[in-house]
Amino acid sequence: MIPTVRGIEKRSGEKVRFPKNRIWFEGPAAMFAVFEERLRKLPGYEKVRFVEAGEMEPGKRRSKKTESGVQKADGLQKGEIPEILLITAEIESQEPESGYRMVIGRDRIGITAGKMSELAHGLTTLFWRVCEMGGMLSCGQIEDRPVYASRGYLLDGSRHFFDTETVKSMIEQGALRKLNRLHWHLSDDQGYRVESRRFPKLNTVGSWRKEPDGTVYGGYYTWEQIREIQDYAAARGVEVIPEIDLPGHVSAMLAAYPELSCSGEPVEPPAAPGIYNRILCVGKDPVMNFVKELLDEVCPLFDSPYFHIGGDEVPKGEWRKCPHCQERIRREYLDGEEALQRWFTEELLAYLEKKGKIGVCWNETLKSGHLSERAVVQYWDEEGKGENYCEQAFENGRKCIYSFTPYLYLDYIPALTPLRRVFFDQPVLRGGRTVPTESIAGCEATLWAEQIENKSRLEYMAFPRLFAVAQRAWSGRTDYTEFQKNCEEQLAWLDRDGISHMTMEEADPQGEAQKRAVVLQYRRIIKNAERDGFANARDVLCGLVRSKLTGQFSREEIDDVVRQIKA
Ligand code: ACM
Ligand code: ZN
């Protein structure tokens, strides 16, 4: 099982059979339906059926809790192996917020947790135990608590649009490894992906782009699909956190409503990846009103108390030239354009707070100094040499979601980000300092989709590297050999579920093989990027290779790799 249990596991020595037919349950029906669906894929369990215990005949509940927590079954012949009759999953207010407790007795299994979502993780452990033990279970107790309450991954629906079945399939595969957050990146330059009834051109114009071969590509998620995905996720203990990236990465929005930028000039949603200079004009009041109305529309579509407002990679050139933005800077007594981004972020954080939401933003929002404590900051990187503007903020206890690029960006090929690197040790910042544990609210891997065109590529890039995130973020165990063994086992489960993945060798290249893979793959990536009109592809991508290999190879070795790519 990945992740392994972190906490106490006591076994009484007794065995109990997990039935293959009817099992009574008490607890959230949607979660038991998921459990049933998973079990039915196991040989012999095709007909297993969970039935609400409310329909149980009186007198059937023959077990009672004993002081040790293990239950007794009556009426068994000597030597007969007892069978589970009833599974209960219930919230108990004295239980901690994260993790669950499970008691496996002679005829009843009880799962308790402090929160509904955590019950799903308990049922997931039970599922894996049934798999591992071929339908037999050891009686006893498990108390399992994660290192990080939030363990997630980012799906980028903008660069490539994944249908609801793909999103659900990722949620299920993540949930089977107790990953409990889907960060859904729903808006970027290459496409706006949420149905908008208030601003229809976001869909008729902003959800579609022209590909280099002339075809039109895109789509968006309807409100019904968004509901369906969240219900699917909730039944698995997963929370969906939407991101509308602002005020940069907005070409798709500007294509629909060009008046939102400083110049007002028309743009088209680009197909090529990159950082685009055209951003929202936050100096104009109507633009601020637009953004707030958009939040009015999108916020209620999502159950999560968190709402991600982006804030990464915001080129400030347009703001410097724009009379409206400069007037805002003067009127608000701001110290330049970085402070203007902070002002914009604070406006949105306050607005979200009024709507009962906690804003999440990328670490660039800390650049101009103090950002109110109500924001959760997601740390991905600090661009530029010697940058360390995040260090102090995190040392002062600000909560961060840790997604540092060298370890957790799974959109990079494993030759740049091998499995063992994702299985990172202590969270560190670009400047080398460790993030204090109290500052870490969670850990999140990203699957940016510029180079991920479809479901099978998405899965291939995710697995098994996402298992490393699950293991480190829940169990915290650092035993890599044990993890590799568990990975092999989990890859077989992916095969059974028809999910693509890398082999362990592909996921974890080392030494000469790793360097060779970088050269071969980056020659191809650069060639394709140049063909697609990506400006400076060679320099940008070689710079990226350098940065990713730093810390993995010597300076000379990296120079040699880059020379070979360029040759
Ligand atoms: C990011 O990778 N631009 C957050
Ligand atoms: Zn402006």
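The values are calculated or read from the model by the stated rules, or taken from the named source; none is laboratory data. Values in this document were obtained by computation on a predicted structure and should not be read as measured data. Note: ideal-geometry Cβ built from the backbone for every residue, glycine included; neighbour counts use all protein chains shown. Calculation scope for accessible area: heavy atoms of the full protein, side chains included, ligands and nucleic acids excluded. Shrake-Rupley method; radii C 1.70, N 1.55, O 1.52, S 1.80 Å.
Yes or no: the stretch 356-363 includes at least one residue that is assigned to a loop (DSSP other than H, G, I, E, B), closer than 27 Å to LEU254 by Cα and away from ligand 1 (no atom under 16 Å from the Cβ).
Checking the stretch 356-363: at least one residue is assigned to a loop (DSSP other than H, G, I, E, B), closer than 27 Å to LEU254 by Cα and away from ligand 1 (no atom under 16 Å from the Cβ).
Let me confirm something: among ALA470, ALA513, which residue is in contact with a Pro (Cβ under 6 Å, 6 or more places away or on another chain), among the aliphatic types (A, V, I, L, M) and under 30 Å from MET170 (Cα atoms)?
None of the other options fit; the residue is ALA470.
Looking only at the stretch 437-477, how many residues end up being among the β-branched types (Val, Ile, Thr) and either over 13 Å from the mean Cα position of the chain (by Cα) or at pLDDT below 95 (or both)?
Result for the stretch 437-477: 3.
So which residues in the stretch 40-86 are modelled with pLDDT under 80 and among the β-branched types (Val, Ile, Thr)?
Of everything in the stretch 40-86, those that are modelled with pLDDT under 80 and among the β-branched types (Val, Ile, Thr) turn out to be THR66, VAL70.
What are the residue pairs meeting all of these: first residue in the stretch 203-218, first residue part of a helix (DSSP H, G or I), second residue open to solvent by less than 100 Å² (accessible area, probe 1.4 Å), Cβ atoms under 6 Å, and 6 or more apart or on different chains?
Within 6 Å, the pairs are ASN203/SER196; ASN203/TYR220.
With respect to GLN471, determine if the residue is away from ligand 1 (no atom under 16 Å from the Cβ), surrounded by fewer than 23 Cβ atoms within 10 Å (Cβ to Cβ) and over 21 Å from PHE553 (Cα atoms).
no
So which of ILE565, ILE525, ILE558 is over 22 Å from GLU444 (Cα atoms), in contact with a Ser or Thr (Cβ under 9 Å, 6 or more places away or on another chain) and not charged (D, E, K, R)?
Only one candidate passes the filter, namely ILE558.
Any idea which residue in the stretch 307-336 is surrounded by the most Cβ atoms within 10 Å (Cβ to Cβ), counting only those that are of a type outside the set (A, V, I, L, M, F, W, C) and within 16 Å of ligand 1 (Cβ to nearest atom)?
GLY311
Taking strands (runs of 3 or more DSSP E) that fall entirely within the stretch 80-145, which contain at least 2 residues that are closer than 14 Å to ASN180 by Cβ, open to solvent by 20 Å² or more (accessible area, probe 1.4 Å) and among the hydrophobic types (A, V, I, L, M, F, W, C)?
none
Collect the residues in the stretch 234-290 that are acidic (Asp, Glu) and outside any loop (DSSP other than H, G, I, E, B), keeping them in residue-number order.
Scanning the stretch 234-290 gives GLU239, GLU243, GLU259, ASP285.
Taking ARG159 as meeting all but one of (1) open to solvent by 10 Å² or more (accessible area, probe 1.4 Å); (2) farther than 25 Å from TYR407 by Cβ, write down the number of the exception.
(2)
Filter the stretch 249-272 down to the residues that are touching a residue at least 24 places away in the same chain (Cβ under 8 Å) and within 13 Å of ligand 2 (Cβ to nearest atom), then identify the one that is surrounded by the fewest Cβ atoms within 10 Å (Cβ to Cβ).
Applying the filter and picking the extreme gives GLU259.
I'd like to check which helices (runs of 4 or more DSSP H) are fully inside the stretch 372-469 and have at least 1 residues that are under 18 Å from CYS487 (Cβ atoms).
Hits in the stretch 372-469: 405-408, 419-422, 455-462.
Of the residues PRO406, PRO436, PRO418, which is open to solvent by 20 Å² or more (accessible area, probe 1.4 Å) and in contact (Cβ under 8 Å) with a residue 24 or more places away in the chain?
When all the criteria are applied, what remains is PRO436.
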